[in-house]
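What follows is a short report on a single structure.
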Amino acid sequence: MTGKPNKIKTSLHEIKTEIKRRIRRLRTARVEVYYHSRQGYLIIPSAVQKDSVAWLSIPPMETASAELSAEELGAKIRESLRRSKKAGFVDRKDVKDFNFWLMTGIQGINGFKSFSKIFQCVNLFQKGKTLEIGAMVRDPYGAYASPKDEGQRILLSVSASDEKIGQAVLKLLRPENTQTET
């Protein structure tokens, strides 16, 4: 057969591709760890937004003091990864009022942009049997972005101990990681 491809076949192919992409997202878990030397840690699971591929922060948020051991930090992160994986897809309206940065109690934080000025961020993605841990940098607009330097990324096995996960996160939470990327 020659000529234009059948519109129905193209649509079915697009639908099948979208379903596969969304299923892959369900197999991925994501957690963000925010750190401030006086406030400690905010450990926040994420889930994929329904009808989108965007990640949304979801409750409940874990908090921990700055003196937390690497093993305890790793255990809290692992629990948040489980919550992220279990959440599946979420509707944006169900989490629209979850402005975790307002829960810090720090004066002067009235939006995410001011929050990102003083909190470091590490992103954790569980993809299959791999845990990808990356330090994020603040971009000029106040959002966190992946660094261009691959040296700020650590890969671990999902079966790594809680202590190893905690140590990897602590390694990435250095003062030099807070600079703004240009």
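No value in this document is a laboratory result; all are computed from the given coordinates. Only a predicted model underlies this, so the values are computations on that prediction, with no experimental measurement involved. We place every Cβ from the backbone using ideal geometry, glycine too, and count neighbours over all the protein chains shown.
Label separation (L155 vs K129): 1.3 nm, computed from points 7 Å beyond Cα along the C-beta direction. Here is the tail figure for the stretch 28-178: Cα pairs spaced more than 28 Å apart come to 13 percent of all pairs.
Kindly state, to the nearest 0.05, the FRET efficiency for H36 paired with R82, given R0 = 25 Å and r defined as their beta-carbon distance. The computed FRET efficiency comes out at 0.50. Mind checking which aspartates and glutamates have their C-alpha under 18 Å from K85, skipping anything on the same chain fewer than 8 residues away? Result set, ordered by chain and number: E32, D51, E62, D94, E132, D162. Which entries in the list K50/K127; K16/K164; K93/K148; K96/K171 go over 28 Å, if you measure between the two C-alpha atoms of each? In this structure, K16/K164; K93/K148; K96/K171 lie more than 28 Å apart at Cα.
Positive contributions from Lys and Arg (+1) and negative ones from Asp and Glu (-1), summed over other residues with Cβ under 10 Å from the Cβ of S157, come out at +2.
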